[in-house]
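In what follows, a single structure is set out as structure tokens and then discussed.
The values are calculated or read from the model by the stated rules, or taken from the named source; none is laboratory data. Model, not experiment: these values are computed from the prediction. Glycine also receives a Cβ, built like all others from the backbone with ideal geometry; neighbour counts cover every protein chain displayed.
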Amino acid sequence: MHLKNCPNHCVEELCRNFGCRPASYDTWKKKYGDTTPDEAKRLRQLEKENARLLRIVGQQRLEIEAVKEVWVKKR
């Protein structure tokens with residue numbers, strides 16, 4: 001079902017049937033808009049990979065700071 005031509009009460013009914021709030025639907029629509037299912041899947045994969053890489057960078061920063069502290073104490 002395409003929701004572009006669906007009146008507001010139709011969206012509310014669909015949300016009720018799927019157990020989500022219309023606000024959640026609006027958030028999803030802003031994020032994914034008119035993307036295809038494949039594009040949405042790829043976007044989720046990229047977001048997951050980005051989060052993983054950010055964790056790695058954060059861990060490396062902590063390790064670098066720890067090494068710097070040890071180095072300063074040894075001087």
Residue set Asp38, Asp34, Asp26; condition out of contact with any strand residue (DSSP E or B) (no Cβ under 8 Å at 6 or more places or on another chain) and not in a helix (DSSP H, G or I); output residue Asp34
For the stretch 1-28, which residues satisfy the criterion of being among the basic types (Lys, Arg) and at pLDDT 85 or above? Arg16, Arg21
